[in-house]
Amino acid sequence: MNVPLDIAALGARAAAMIEELAAISATPDGLTRFFLTPEHRRAADLVAGWMREADLGVSEDALGTVRGHWHPAGPDAPRLLIGSHIDTVANAGKYDGTLGVILCIIALDEIRKAGLTKPFGVDILAFGDEEGTRFPTTLSASAAVAGIFAPASLVTRDAEGISYGEALIAYGKNPDDIPAAAYDPNKVIAYIEAHIEQGPVLEAEGEPLGVVTAIAGASRLSVTVTGEAGHAGTVPMSMRRDALLGAAEMALAAERIAKADAHGMVATVGRVHVEPGSVNVIPSRVVFTVDLRSGSDLSRREALERFEREAHRIADLRHLGVVISAFHEVATVPCFRDLQLRLRNAIADLGHRAPTMPSGAGHDGQAMSKLCPIGMLFVRCRGGISHNPAEYAAPQDMGLAAAALVRFIERFQLPQLSEATGGVET
Ligand code: GLV
Ligand code: MN
Ligand code: MN
């Protein structure tokens, strides 16, 4: 291997970059950075600046995905795509998404500084809509890159009533340019993402890095429950049509259904909107979300049907109305076995065993799998805590992850992936 690697220095550099990016937030305390906001703009500019400092070509597509280009074999050579996302959930951790983008920039910088050349190019992609926290869309930026952007997304609205299309124009983009964001599948070798694990497996295994076998499928529902507003002091309990109590029972039904599943299904009610939202008025309308995930698509579909039946049963008993609509649906995506092997070999070069595990969290790789084979590298996460300001990855582990990406790219040979060792693994 030719590229010299100082793991401690790489880790220190990653840690400093994490802090710089984490300072870009809509809130002074904590980290909140949503898609197509002024904070997204500032983060994208910072990332583009880092890419330029690493001597990469830089461009930005119609959905704000920042792209860093290393093309030692010219622009027509096949491309390896690597990346992650720079949007966050509300009151987020500093590592989810941003770590992957930072590691890619560091890795390509090391490769370029060492004077390595390859018969293929590498593009870094810094996506802006992985979390799906602003609009009821998720993975739309990576979907555009994969050529599967759903134009219906443009008319969806955020909590302020701003449509996705309006936000895009305000961000300086033209929705007509979205199709041009798509890569030609014939020119793409694979998509690789490094990401904080967001779970406790690597910590329990005592290993800094792991390799993902598959990304669990997910469904997101919006459930609207309607009852009748009334005076909190005068309407007897037996005569109420309280939408919130119905919604609460439905949320517990979702928990029960997930707990009864044999495939480790998880269900989360993460957003609840109550109307009229007054201390002395019986709630008349509640809109809540259900996020349901499982490594088994069959189990997930059965659970969705069960939840729908339960929600209607609860609504009937309480004389409430209920309408359920799905706004996100993604199947379980296997990681390409050949890429898993190559990632494990790169980690072995650094003297580490790489445990393999499925990802319960969603990733841009789910959309990218429609374009090309995908692979994922996980970085140990303290306490398995994520989507929480306490999220943490140690500098040494981040340094190893950057080094693993370097070794992966360094080892990568064309002709590309072998179907014989690729295939499906769940
Ligand atoms: C993204 O982090 C998700 O899995 O919801
Ligand atoms: Mn993420
Ligand atoms: Mn996340």
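The values are calculated or read from the model by the stated rules, or taken from the named source; none is laboratory data. Note that the structure is a prediction, hence the values are computed from the model and not measured. Backbone-built Cβ (ideal geometry, glycine too); neighbour counts: all protein chains shown. The protein model used for the area step is the full one, side chains on, heavy atoms only, and it has no ligands, DNA or RNA in it. Shrake-Rupley method; radii C 1.70, N 1.55, O 1.52, S 1.80 Å.
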*asked:* Quick check: pseudo-label points 7 Å beyond the Cα along Cα→Cβ at ALA204 and ALA114, how many nm apart are they?
replied: 3.4 nm
*Just for the chain, what percent of DSSP beta bridges are antiparallel, to the closest 5?*
70 percent
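Per the 1.4 Å probe, what fraction of the accessible area of the range 226-371, in percent, lies on carbon and sulfur atoms? The partial results should precede the final answer.
Working: 4050 of 7500 Å².
Here carbon and sulfur together make up 54 percent of the probe-accessible area.
Using a cut-off of 11 Å between beta-carbons, work out the net charge of the residues near VAL406 (Lys and Arg +1, Asp and Glu -1, VAL406 not included). Could the numbers behind the result be given before it?
Values: positive: ARG112, LYS113, ARG407, ARG411; negative: ASP109, GLU110, ASP349, GLU410.
Once all neighbours under 11 Å are counted, the net charge is 0.
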_Label-point gap, in nm, between ARG313 and ALA77 - each point 7 angstrom along Cα→Cβ_ = 6.1 nm
*Give the dimensionless ratio obtained when the Cα radius of gyration of the range 1-95 is divided by 2.2 N^0.38 Å.*
1.22
*Taking the convex hull of the alpha carbon atoms in the range 204-246, what volume per residue do you get, in Å³?*
188 Å³
_Estimated distance in nm for a label pair at LEU298 and ARG52, the labels positioned 7 Å out from Cα along Cα-to-Cβ_ = 5.4 nm
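Using a probe of 1.4 angstrom, how much of the accessible area of the range 57-105 is carbon and sulfur, in percent?
Details: 550 of 1060 Å².
After summing per-atom areas, the C and S share lands at 51 percent.
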_Within-13-Å neighbourhood charge of VAL286 [Cβ basis; K, R +1; D, E -1]_ = 0
_Per-residue HN-Hα couplings for the range 44-58 [Karplus 6.51, -1.76, 1.60; θ = phi - 60°; Hz; x = Gly/Pro]_ = 4, 5, 5, 4, 4, x, 4, 5, 5, 4, 7, 6, 8, x, 10
_Cα radius of gyration and Dmax for the chain (Å)_ = 22.6, 79
*Restricting things to alpha carbons, tell me how big the range 51-109 is in terms of Rg and Dmax, in Å.*
12.9, 42
*asked:* Taking 0.36 nm per residue of sequence separation and subtracting the Cα-Cα distance, how much length would be gained by fully extending the chain between ILE162 and GLN413, in nm to one decimal?
replied: 85.7 nm
*Provide the per-residue ³J(HN,Hα) series for the range 181-192, in order, calculated from phi with Karplus coefficients 6.51, -1.76, 1.60 and θ = phi - 60°, each as a whole number of Hz, with x at glycine and proline positions.*
6, 6, 7, 6, x, 6, 9, 10, 8, 5, 10, 10
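If contacts are Cα pairs under 8 angstrom and at least 6 residues apart, what is the relative contact order of the range 217-330 in percent?
Working: 236 pairs, mean separation 51.3, N = 114.
It comes to 45 percent, rounded to a whole number.
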_Explain nothing, just the number: relative contact order of the chain, from Cα pairs under 8 Å at least 6 residues apart, as a whole percent._
23 percent
_Can you give me the accessible area per residue for the range 22-120, using a 1.4 Å probe, in Å²?_
32 Å²
_For the range 217-330: accessible area per residue (Å², 1.4 Å)_ = 54 Å²
*Around GLY383, what is the net charge, scoring Lys/Arg as +1 and Asp/Glu as -1 over all other residues with Cβ under 12 Å from its Cβ?*
-1
*Which residue fluctuates the most in the chain, going by a Gaussian network model with Cα springs under 10 Å, if the choices are ALA401, ALA141, ALA311?*
ALA311
*P(r), alpha carbons of the range 217-330 - 5 Å bins starting at zero, rounded %*: 2, 13, 23, 22, 16, 11, 7, 4, 2, 0
*Averaging over all projection directions, find the projected area of the Cα convex hull of the range 138-221 and quote it in nm² with one decimal place.*
8.5 nm²
*Mind giving me the FRET efficiency for ASP45 and GLU329? R0 is 35 Å, r the Cβ-Cβ distance, nearest 0.05 is fine.*
0.55
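Give the calculated FRET efficiency between THR356 and THR234 to the nearest 0.05, with a Förster radius of 56 Å applied to their Cβ-Cβ distance.
Working: r = 61 Å, r/R0 = 1.08.
Using R0 = 56 Å, I get an efficiency of 0.40.
Given R₀ = 60 Å, what would the calculated FRET efficiency be for VAL279 paired with HIS69, taking r from the Cβ atoms and rounding to 0.05?
Numbers: r = 56 Å, r/R0 = 0.93.
Between VAL279 and HIS69 the formula returns 0.60.
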